[in-house]
Amino acid sequence: MADGAHKSHTKEYMFIFGLLTLLTVLELFIPGMDNLSKFAKGSGLTALAIGKAFLVAYFFMHLKEEKAWMKFVAAIPISAALYAIVVVLESMAR
């Protein structure tokens with residue numbers, strides 16, 4: 001490929017779109033599962049939402065093409081969210 005030539009990402013984007021669709025369908029079924037506790041439902045929905053957010057940021061917002069330091073900057077809010085989750089879980093255990 002010549003310098004400056006455009007590479008099509010259509011197949012990759014369609015695969016990610018299909019994956020996001022699958023995760024969304026899973027999100028629709030989780031609330032109706034009566035054999036799961038509220039905690040399991042909430043945890044499952046949260047994990048799916050985080051996974052979808054990662055896919056969107058990594059592929060559609062082109063984070064995969066950024067330098068390592070930019071990926072680190074993007075990970076800072078994730079670490080803050082993990083810290084908040086730990087604090088909430090710790091307070092619930094009291």
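Please treat every number below as a calculation from the coordinates, not as lab data. Being a predicted model, the structure only gives us computed values, none of them experimental. We place every Cβ from the backbone using ideal geometry, glycine too, and count neighbours over all the protein chains shown.
Dividing the alpha-carbon radius of gyration of the chain by 2.2 N^0.38 Å (N being the number of residues), what value is obtained? Intermediate results must be reported in sequence, preceding the final value.
Numbers: Rg = 17.7 Å, N = 94, 2.2 N^0.38 = 12.4 Å.
It is 1.43.
As a test of the formula, what do you get for the chain when each DSSP H run with n ≥ 4 contributes -39,500 (n - 2.57) and the sum is divided by the residue count, at 222 nm and rounded to the nearest 500 deg cm²/dmol? Walk me through the numbers on the way to the answer.
Details: 3 runs with 64 residues, N = 94.
Theoretical 222 nm ellipticity from helices: -23500 deg cm²/dmol.
A DSSP coil position with no more than 10 other Cβ atoms inside 10 Å describes the following trypsin sites (Lys or Arg not before Pro) in the stretch 16-88: Lys67.
Per-residue Karplus couplings for the stretch 9-26, computed as 6.51 cos²θ - 1.76 cosθ + 1.60 with θ equal to phi - 60°, are listed in order as 10, 4, 4, 4, 5, 5, 5, 5, 4, x, 5, 5, 5, 4, 5, 5, 5, 4 Hz, Gly and Pro entered as x.
Whole-Å semi-axes of the stretch 9-61's equivalent ellipsoid, largest first, each the root of 5 times a Cα gyration tensor eigenvalue? Could you put the intermediate results ahead of the total?
Values: eigenvalues 135, 27, 4 Å².
Gyration-tensor ellipsoid for the stretch 9-61: 26, 12, 5 Å.
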